[in-house]
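For reference, the structure is listed below as structure tokens.
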Amino acid sequence: MLRSVAEPVTTFDRSLRDLVKSLTATMRAGTGRAGLAAPQIGVPLRVLAFELDGRAGHIVNPRLELSERTIVADEACLSAPGVWWPRSRAFSVVARGRDMYGKPITVRAIGMLARVLQHEADHLDGVLFIDALPDEDRERFMAAIS
């Protein structure tokens, strides 16, 4: 499921609200988790949750506008707990989508929260953390998690 593109949410009902609550609870239950995408808990829908530095929320059917400015920083993924790797990402993002009730929302983020939103949005497109690593780094990463 992590390699598949998640389906857009078309119905904003109780089951979606339950999914958002479950996603948020699962994210908060783990140590050091700043974000989680629905496919990571086995649900192939375009929903993500985030919580970092006092900002928390969720975005349904997110669309990200990325800044041209990039920054390299260490990044990790639940698929390889405890392994951090440098990764270039946009420094800031504007994420637009809907909340669990279907109302339009916009989240503006810089720095680490921008990184988290990009990482989780990648999961919605079937893209994994290691996909962007150069071959040599990918091999070292795979060795580190073996």
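Values in this text are rule-based calculations from the coordinates and carry no lab data. Since this is a predicted model, take the numbers as computed values, not measurements. Neighbour counts are summed over all protein chains in view; Cβ atoms, including those assigned to glycine, are modelled from backbone coordinates with ideal geometry.
Looking only at trypsin sites (Lys or Arg not before Pro) in DSSP loops with at most 15 other Cβ atoms within 10 Å, what is the longest site-free stretch of the chain? In short, 70-146.
The gain in end-to-end length when the Met112 to Val127 segment is fully stretched comes to 3.5 nm, 0.36 nm per residue minus the alpha carbon separation. Across the stretch 12-18, coupling constants 3J(HN,Hα) worked out from phi with the 6.51/-1.76/1.60 Karplus curve, θ = phi - 60°, read 9, 10, 4, 5, 5, 4, 5 Hz, and Gly and Pro carry x. Projected label points at Phe12 and Arg55, each 7 Å from Cα along the beta carbon direction, are separated by 2.1 nanometres. Angle, helix 111-124 long axis vs. longest principal axis of the chain, Cα atoms, 0 to 90°, nearest 10? Taking Cα atoms only, the helix is inclined about 80 degrees.
Cut-off is 10 Å between beta-carbons; in what order do His58, His119 appear when sorted fewest neighbours first?
Values: His58 26, His119 22.
Fewest to most other Cβ atoms nearby, the residues stand as His119, His58.
Equivalent-ellipsoid semi-axes for the chain (Cα gyration tensor, √(5λ), whole Å, largest first): 25, 17, 14. Each label was represented as a point 7 Å from its Cα along the Cα-to-Cβ direction; for Asp135 and Ile105 these points are 4.2 nm apart.
State the extension gain, in nm to one decimal, for the chain segment bounded by Arg63 and Met142, taking 0.36 nm per residue of separation less the distance between their alpha-carbons. Show your work: numbers first, answer last.
Working: separation 79, 0.36 × 79 = 28.44 nm, distance 3.00 nm.
Value of the extension gain: 25.4 nm.
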